[in-house]
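Structure record follows, encoded as structure tokens.
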Amino acid sequence: MIYLSLCVVFGVATALVARAKGSSWVLWGLIGAIFPVLGLAGILLARRDSEELRRACPNCGKVCMLYDALCTRCGCELAFPETAIESRAQASRRSAA
Ligand SMILES: [Zn+2]
């Protein structure tokens with residue numbers, strides 16, 4: 001019984017962190033409830049993808065994340081670019097202002 005309430009508490013805590021980070025809070029709440037400590041640690045360590053810089057693939061032009069080593073569309077190897085594209089979060093803040 002104590003274990004069940006622990007699962008609920010961690011599930012809710014994980015869901016709240018996920019929602020604040022802009023991830024799926026339903027999915028993370030479930031993960032947090034099934035793996036009480038691991039789920040919360042997972043969302044705390046997860047990247048906030050909308051804040052990451054992006055860049056265009058030189059081969060096919062697909063916009064990839066800056067940390068990607070291979071293009072997710074054409075598989076082209078990506079060197080670290082000289083110029084990056086602003087993150088989705090920056091772009092939406094700029095267009096909102
Ligand atoms: Zn590509």
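The values are calculated or read from the model by the stated rules, or taken from the named source; none is laboratory data. This one's a predicted model, so the numbers in the text were calculated from it and none came from an experiment. Glycine also receives a Cβ, built like all others from the backbone with ideal geometry; neighbour counts cover every protein chain displayed.
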Point to revise | residue 95 vs. criteria more than 15 Å from the ligand (Cβ to nearest atom), loosely packed, with under 12 Cβ neighbours inside 10 Å and of a type in the set (S, T, N, Q) | key: yes
Practice item. Could you list, in sequence order, all residues of the range 60-83 that are of a type in the set (Ser, Thr, Tyr) and more than 13 Å from the ligand (Cβ to nearest atom)? Key: 67, 83
Exercise for review: For residue 56, indicate whether it is outside the structural domain of residue 89 (by TED's automatic domain parsing) and under 30 Å from residue 91 (Cβ atoms).
Suggested key: no
